[in-house]
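The values are calculated or read from the model by the stated rules, or taken from the named source; none is laboratory data. Since the model is a prediction, treat every value here as computed from it, not as a measurement. Neighbour counts are summed over all protein chains in view; Cβ atoms, including those assigned to glycine, are modelled from backbone coordinates with ideal geometry.
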Amino acid sequence: MERAAVGAPLGQGAGYGIVLGLGFAFALLMILVTFILKRYNSELQTSEMFNTAGRTVKSGLVASSVVSSWTWAATLLQSSGVAYRYGVSGPFWYASGATCQILLFATLAIELKRRAPNAHTFLEVDWIHTFILLIIIIIFSLTAYATSDVLGSPSAMYDRLVEAAMAHPVAGNAQGSYLTMRSTEGVIFFVINIVGNFGTVFLDNGYYNKAISSSPVHALPGYILGGLSWFAIPWLTATTMGLSALALENTPAFPTYPNRMTEDEISAGLVLPYAAVALLGRGGAVATLLLVFLAVTSATSSELIAVSSIFTYDLYRTYFNPTASGKRLIYTSHVIVCVFALFISAFSVGLYYAGISLGYLYLLMGCIISSAVIPSALTLVWSGQNRWAAALSPPLGLAFALTAWLVTASKTCGSLDVACTGENNPMLAGNVTALLSPALFIPIFTLLFGLDKYDWKSMKQIRRADDHDLAAVAGVDLEQTKAPTCKQDI
């Protein structure tokens with residue numbers, strides 16, 4: 001059956017208007033806030049303030065920042081796609097599989113404050129993104145479960161999901177139902193999800209940034225509160241929008257009617273926008289665009305500053321200009337932000353034209369990065385890990401993971417194209433191999449080269465930036481504005 005032609009709910013101009021117009025408006029708002037703090041609160045914008053937020057951020061803002069940064073496009077779009085594929089089990093496995101990492105990272109946050117109290121980072125006032133995002137999600141959920149003419153109640157949703165299961169039962173689910181937690185593919189996705197997200201949390205400089213920016217006594221409660229708070233976002237979003245897509249796809253309001261969504265559309269993250277259009281028409285399309293815009297900007301802003309801090313302090317100041325002034329460090333940070341933004345934008349466009357979808361990239365990320373999780377964590381918590389184990393385990397784990405991924409794909413469906421390599425079983429093999437292989441390599445390197453006796457003194461010798469040039473212009477005594485040390489706070 002030919003797919004009916006469906007006009008776009010929003011024109012291209014509306015998209016540019018929201019993205020560019022809202023982007024400029026938000027940037028101007030942040031500039032205004034900075035001016036007000038400087039004018040009326042005497043806040044000095046030094047390089048340390050730009051990159052560490054004074055190291056005094058409290059639990060509430062730490063939690064809000066964790067929620068904001070962890071709510072990226074996949075949180076909303078991929079979780080809804082999982083709900084569409086596997087039913088009610090998908091949202092739970094997605095949310096739970098990506099919450100435990102934040103809770104466990106709280107331990108590393110404390111160790112980082114102890115081991116390297118002068119490391120550099122930056123933390124934004126992220127609660128703005130999160131607040132607006134939550135309002136939109138609540139609107140979607142109230143529409144689906146309370147006010148919609150087609151749905152409008154949990155019982156109506158239930159009835160339509162029962163009908164959907166009869167029309168196209170889910171392979172691997174108990175009785176083919178969308179209303180069961182007994183889902184074979186859902187559990188496989190859970191394992192892939194939990195492995196991949198260990199990498200995206202434990203290896204993301206943005207989360208270490210937030211740990212450094214926080215006040216020592218507020219790092220642990222901030223991460224725990226943030227992790228628990230985040231759980232509700234993908235769970236509510238997916239159980240609303242993913243299930244709404246299943247319930248409404250046989251109605252004329254659904255963009256693909258009279259056909260079901262294709263696998264490419266699901267993997268591209270179109271479950272949520274299609275459901276939003278079916279629920280709210282053009283208003284749903286606008287809300288979706290705003291939702292994705294906020295999710296992308298909140299996560300991207302964290303990554304931009306994370307990358308900027310690495311290039312500015314770990315490369316530029318360490319190897320090229322050890323005596324760089326505070327003004328010079330701020331300038332370098334700004335340049336890196338702009339350069340990396342252009343690079344990652346071009347890279348994203350390249351992935352799109354190469355046929356790599358959001359869903360594919362989400363499942364693949366664990367294969368690529370998770371082999372560094374155990375070595376990086378042990379760097380902060382175990383003095384015995386030697387340099388060879390820390391340096392060689394990640395690339396060896398990557399090689400083993402890619403081998404397991406591609407061999408499983410070849411054995412499963414006899415091909416190495418995007419469709420085959422993107423299936424759950426090859427991704428499961430690659431992700432698990434990546435995470436667990438260092439548990440084999442590290443003992444081997446320990447036996448070969450012996451235990452180390454690292455005392456973390458080199459981390460404590462990290463210097464703060466010299467911002468006396470900026471302070472002199474503003475007439476501020478930096479000694480009076482320094483944040484308390486971890487020992488003093490505790």
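Those residues that are more than 14 Å from residue 311 (Cα to Cα) and out of contact with any Leu (no Cβ under 7 Å at 6 or more places or on another chain), I need them from segment 325-346; list them, please.
Of segment 325-346, the ones more than 14 Å from residue 311 (Cα to Cα) are 325-327, 342-346.
Result: 325, 342, 343, 344, 345, 346.
With crowded, with 23+ Cβ neighbours inside 10 Å, outside the structural domain of residue 380 (by TED's automatic domain parsing) and at pLDDT below 90 as the only criterion, which of 206, 172 stands out?
Working: 172 fails: crowded, with 23+ Cβ neighbours inside 10 Å.
After ruling out the rest, the residue left standing is 206.
Could you say whether any residue in segment 80-87 is at pLDDT 75 or above and assigned to a loop (DSSP other than H, G, I, E, B)? Lay out the reasoning, then the answer.
First pass over segment 80-87, keeping only residues at pLDDT 75 or above: 80-87.
So of that shortlist, the ones also assigned to a loop (DSSP other than H, G, I, E, B) come out as 87.
Scanning segment 80-87 turns up at least one residue that is at pLDDT 75 or above and assigned to a loop (DSSP other than H, G, I, E, B).
If we scan segment 280-291, do we find a residue that is among the β-branched types (Val, Ile, Thr), under 21 Å from the mean Cα position of the chain (by Cα), in a helix (DSSP H, G or I) and within 16 Å of residue 9 (Cβ to Cβ)?
Restricting attention to segment 280-291, the residues satisfying the condition of being among the β-branched types (Val, Ile, Thr) are 286, 288.
Next, from what is left, pick out any that are under 21 Å from the mean Cα position of the chain (by Cα): 288.
Cutting the leftovers down to in a helix (DSSP H, G or I) gives us 288.
Then drop every residue that is not within 16 Å of residue 9 (Cβ to Cβ), which leaves 288.
Within segment 280-291, one or more residues are among the β-branched types (Val, Ile, Thr), under 21 Å from the mean Cα position of the chain (by Cα), in a helix (DSSP H, G or I) and within 16 Å of residue 9 (Cβ to Cβ).
Determine if segment 442-449 includes at least one residue that is under 27 Å from residue 194 (Cα atoms) and either of a type in the set (Val, Ile, Thr) or at pLDDT below 90 (or both).
Yes, that holds for at least one residue.
Out of the residues in segment 49-79 that are outside any helix (DSSP H, G or I) and surrounded by 22 or more Cβ atoms within 10 Å (Cβ to Cβ), state the one that is modelled with the lowest pLDDT. Step through it out loud before you land on a result.
So in segment 49-79, the residues outside any helix (DSSP H, G or I) come out as 56-58, 71-72.
So of that shortlist, the ones also surrounded by 22 or more Cβ atoms within 10 Å (Cβ to Cβ) come out as 57, 71.
Details: 57: 63, 71: 79.
So, considering only residues that are outside any helix (DSSP H, G or I) and surrounded by 22 or more Cβ atoms within 10 Å (Cβ to Cβ), the one modelled with the lowest pLDDT is 57.
Does residue 332 qualify as being of a type in the set (Ser, Thr, Tyr), outside any helix (DSSP H, G or I) and in the same structural domain as residue 131 (by TED's automatic domain parsing)? Walk me through it before giving the result.
Details: of a type in the set (Ser, Thr, Tyr): yes; outside any helix (DSSP H, G or I): no; in the same structural domain as residue 131 (by TED's automatic domain parsing): yes.
No.
Go through segment 453-472 and count every residue that is part of a loop (DSSP other than H, G, I, E, B) and modelled with pLDDT of 75 or more.
Initial filter on segment 453-472 (part of a loop (DSSP other than H, G, I, E, B)): 453-456, 461-465, 467.
If we keep only those that are modelled with pLDDT of 75 or more too, we end up with 453-456.
Of the residues in segment 453-472, 4 are part of a loop (DSSP other than H, G, I, E, B) and modelled with pLDDT of 75 or more.
Give me the residue from segment 259-268 that is in a helix (DSSP H, G or I) and either among the basic types (Lys, Arg) or touching a helix residue (DSSP H, G or I) at 6+ places or on another chain (Cβ under 6 Å) (or both) and, out of that set, farthest from residue 460 (Cα to Cα). Before you say what the answer is, go through the steps one by one.
First, pick out the residues of segment 259-268 that are in a helix (DSSP H, G or I): 263-267.
Still in the list and also either among the basic types (Lys, Arg) or touching a helix residue (DSSP H, G or I) at 6+ places or on another chain (Cβ under 6 Å) (or both): 266-267.
On the way: 266: 48, 267: 45 Å.
This residue is 266.
Could you tell me whether segment 119-132 includes any residue that is farther than 28 Å from residue 294 by Cβ, of a type in the set (A, V, I, L, M, F, W, C), assigned to a loop (DSSP other than H, G, I, E, B) and at pLDDT below 85? Can you show your working first?
Taking segment 119-132 and keeping what is farther than 28 Å from residue 294 by Cβ, we get 119.
The next check asks that each one be of a type in the set (A, V, I, L, M, F, W, C); those that pass are 119.
Filter again for assigned to a loop (DSSP other than H, G, I, E, B), leaving 119.
Remaining after also requiring at pLDDT below 85: 119.
Yes, the conditions are met somewhere in segment 119-132.
Pick from segment 242-292 the residues that are among the β-branched types (Val, Ile, Thr) and without any contact (Cβ under 8 Å) to a residue 60 or more places away in the chain: which of them is farthest from residue 144 (Cα to Cα)?
At the first step, the residues of segment 242-292 found to be among the β-branched types (Val, Ile, Thr) are 251, 256, 262, 266, 271, 277, 286, 288, 292.
Within this subset, residues satisfying the condition of being without any contact (Cβ under 8 Å) to a residue 60 or more places away in the chain are 262, 288.
Details: 262: 23, 288: 15 Å.
Selected residue: 262.
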